[in-house]
Amino acid sequence: MGLFSGYSGLKVIKEGLMGQKGWKPVWRNPAPKPEYDVIVIGGGGHGLSTAYYLAKEHGITNVAVLEKGYLGGGNVGRNTTIVRANYLLPGNSEFYSHSLKLWEGMEQDLNYNTMMSQRGVLNLFHSDGQRDAFARRGNAMINQGDDAILLDREGVREHVPFIDFDNVRFPVYGGLLHKRGGTARHDAVAWGYARGADQRGVDLIQNCEVTGIDIEAGVVKGVQTTRGAIRAKKVAIVVAGRSGQVAQMAGLRLPIESHILQAFVSEGVKPILDTVVSFGMGHFYISQSDKGGLVFGGDLDFYASYAARGNLPMAEHVMDAAMTLMPAIGKAKVLRSWGGIMDMSSDGSPIIDKSGIEGLYLNCGWCYGGFKAVPGSGFSYAHLIAQDRHHEPAAKFRLDRFRTGVGLMDEEGTGSQHNLH
Amino acid sequence: MRLPCPLCGDRDRREFFYQGAAVTLDRPARDAGDAAWNDYLHNRDNPAGETRDLWHHEAGCGAWIVVHRNTVTHEVYGAELAQKAKA
Ligand SMILES: Cc1cc2nc3c(=O)[nH]c(=O)nc-3n(C[C@H](O)[C@H](O)[C@H](O)COP(=O)(O)OP(=O)(O)OC[C@H]3O[C@@H](n4cnc5c(N)ncnc54)[C@H](O)[C@@H]3O)c2cc1C
Ligand SMILES: [Zn+2]
């Protein structure tokens, strides 16, 4: 890449002097070809990163990403952008650790400013028992090679002096600080991977809904779409909240139920919060965007839904929790709220696996935590598709764990049951 | 969202606990095998549209009910006691 063909400080200066007339569209808008080596269904974060790594790591460039709407219009553009590697269980632990390392090199790799900001993620605890559980989690993170610091109450005060430390129900005892965690610009992550995939020859095809999957004698042959039939040697499903419907096109039933998760953003306020804070006991978490908006959310609405908007009880719960933890933000006005359709698996952990149909691959079950997985999921899924064997950091994301009961990954310790994650 | 409890009438969603798809009413036999148990415990049709799911009126009369509703529009068509749905 030449000095002026990629993005750089020099390019910004040059364009500033030339009246900003030299910027070009960032990807092509091709018509679908009759056949591809690999079709990726779904142009969210995971689909775009899968296509990028297929091309970059495996030299497979005759690839199409088929997106029913526009690139990045799904959950990748609706999440609260938290990136972290603070999981407890083997399987999740090594996967998110690998993904965080990819985040750390992403901007250089993509030549794209994804505004990755390692501002730290601070999980609060409120009792001696919870402190023990967090110490254990911190040790698991350190054993995995990631970072964790157990803070006492005064340690927490240095980071967030204005929270209510003496709440009668949930006094703050301390927190687990994960410094390499943080936030990124979600749209930019989708656009950066899209641009990188396009530059390597991948066709990104928008407004192209997959309506059927063609299978002959147990082997995948291609897909039917709203823009005609397209043949393919391999087909990779990665459609988040729509996993149930697309899998059904191949006659599969998945351990997935789709639920709504809401998020909220306030008007812009002066800088008050320079880290991500999670208040697990209130199912609440918050950060502040670079524009000054407080970005926060809570738990699922807790019933199966495809409505992509939330219901009032959870909105009220989130506001209650915000006022419990941070009475100081009570005067800030909420500007917007929205919802996204989450692919909830019954044990709360993801699936990256073969489907049982030759040439058809599955990637789903990211629940409410798949943004941080965008680079790792694409990297591992591309490996599986290209080489037909699992990539080590994602080798435990098997579909058959639900049938055999071996290797269920239930981070919350509540059991592999749909309504509990 | 309000759910029509057959015993109490229209009640606020907050009074109910959501259990999940009503397939959980069809418990397989003990020796039905792992595929049947996997379908019962984990695999779901997960429809975008009409669905039947099981709710507990925990902050009301305590009945288990099967609600017929739409997952896309949140329209609720009706509900019956789980006892009757099973019979
Ligand atoms: C409110 C909210 C907050 C969240 N916060 C966080 C967070 O802080 N940190 C975190 O790690 N995760 C978070 N998540 C989760 C994260 O956003 C998702 O797990 C992740 O984005 C899902 O993967 P994706 O990006 O590929 O999904 P999507 O962007 O939803 O991509 C799937 C794509 O598939 C397309 N598609 C579906 N059906 C078809 C079809 N038949 N044909 C063609 N295309 C199709 C869709 O249009 C969509 O664009 C949050 C989610 C929500 C909703
Ligand atoms: Zn009742």
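Take the residues of segment B:62-78 that are buried (at least 17 other Cβ atoms within 10 Å of the Cβ) and of a type in the set (Val, Ile, Thr): which is nearest to ligand 2 (Cβ to nearest atom)? Out of the qualifying residues, it is B:Ile65.
Residues of segment B:22-38 that are crowded, with 17+ Cβ neighbours inside 10 Å and within 7 Å of another protein chain (Cβ to nearest Cβ): B:Asn38 alone. Filter segment A:333-365 down to residues that are β-branched (Val, Ile, Thr) and more than 11 Å from ligand 1 (Cβ to nearest atom) and give me whichever is farthest from A:Ser243 (Cα to Cα). Filtering segment A:333-365 for residues that are β-branched (Val, Ile, Thr) and more than 11 Å from ligand 1 (Cβ to nearest atom), the one farthest from A:Ser243 (Cα to Cα) comes out as A:Val334.
At least 3 residues being closer than 23 Å to A:Gly74 by Cβ is the threshold, and among the helices (runs of 4 or more DSSP H) wholly inside segment A:150-255 those reaching it are A:186-199, A:243-248.
On inspection, A:Gly43 qualifies as away from ligand 2 (no atom under 16 Å from the Cβ) and within 14 Å of A:Val246 (Cβ to Cβ). Per the conditions (1) modelled with pLDDT of 95 or more; (2) of a type in the set (A, V, I, L, M); (3) more than 21 Å from A:Gly370 (Cβ to Cβ), the sole criterion not satisfied by A:Leu89 is (3). Taken together, the residues in segment A:386-421 that are assigned to a loop (DSSP other than H, G, I, E, B), surrounded by fewer than 19 Cβ atoms within 10 Å (Cβ to Cβ) and more than 13 Å from chain B (Cβ to nearest Cβ) amount to 9. Counting only strands (runs of 3 or more DSSP E) that sit wholly inside segment A:271-381, those with at least 3 residues that are touching a residue at least 60 places away in the same chain (Cβ under 8 Å) and surrounded by 21 or more Cβ atoms within 10 Å (Cβ to Cβ) are A:276-279, A:293-304, A:334-345, A:360-364. Residue pairs whose Cβ atoms lie under 7 Å apart, separated by 6 or more positions or on different chains, with the first residue in segment A:252-269 and free of Cβ contacts under 8 Å to residues at least 60 places away in the same chain and the second in a strand (DSSP E or B), are A:Arg253/B:Arg44; A:Gly268/A:Gly293. Considering segment B:1-52, and only residues there that are away from ligand 2 (no atom under 16 Å from the Cβ) and assigned to a strand (DSSP E or B), the residue that is nearest to B:Val72 (Cα to Cα) turns out to be B:Glu50. Scanning segment A:298-315 for residues being more than 10 Å from chain B (Cβ to nearest Cβ) and in contact with a Phe, Trp or Tyr (Cβ under 6 Å, 6 or more places away or on another chain) gives a total of 1. Taking the conditions exactly as written (aliphatic (A, V, I, L, M), out of contact with any Phe, Trp or Tyr (no Cβ under 6 Å at 6 or more places or on another chain) and under 24 Å from A:Gly365 (Cβ atoms)), does B:Leu25 satisfy them or not? So B:Leu25 fails the test.
Within segment A:171-183, identify whether any single residue is farther than 25 Å from A:Met326 by Cα, exposed (fewer than 14 other Cβ atoms within 10 Å of the Cβ) and not basic (Lys, Arg), and answer yes or no. No, the conditions are met nowhere in segment A:171-183. Among the residues of segment A:1-58, those identified as of a type in the set (Val, Ile, Thr) and closer than 19 Å to A:Ala190 by Cα are A:Val26, A:Ile39, A:Val40, A:Ile41, A:Thr50. Here B:Asp12 meets the list (1) surrounded by 17 or more Cβ atoms within 10 Å (Cβ to Cβ); (2) farther than 22 Å from A:Ser346 by Cα; (3) at the interface with chain A (Cβ under 9 Å from one of its Cβ atoms); (4) not β-branched (Val, Ile, Thr) almost entirely, failing just condition (1). The residue pairs whose first member lies in segment B:65-87 and is over 17 Å from B:Arg11 (Cβ atoms), whose second member is surrounded by 14 or more Cβ atoms within 10 Å (Cβ to Cβ) and modelled with pLDDT under 95, and whose beta carbons are closer than 6 Å, counting only pairs six or more residues apart or on different chains, are B:Lys86/B:Leu25. Within segment A:230-251, the set of residues being out of contact with any helix residue (DSSP H, G or I) (no Cβ under 8 Å at 6 or more places or on another chain) and either within 14 Å of ligand 1 (Cβ to nearest atom) or of a type in the set (S, T, N, Q) (or both) comprises A:Ile230, A:Ala232, A:Val235, A:Arg242, A:Ser243, A:Gly244, A:Gln245, A:Val246, A:Ala247, A:Gln248, A:Met249, A:Ala250.
The values are calculated or read from the model by the stated rules, or taken from the named source; none is laboratory data. All figures in this text were calculated on a predicted structure; none of them were measured in a lab. For neighbour counting, all protein chains shown are included, and Cβ atoms are generated from backbone atoms with ideal geometry for every residue, glycine included.
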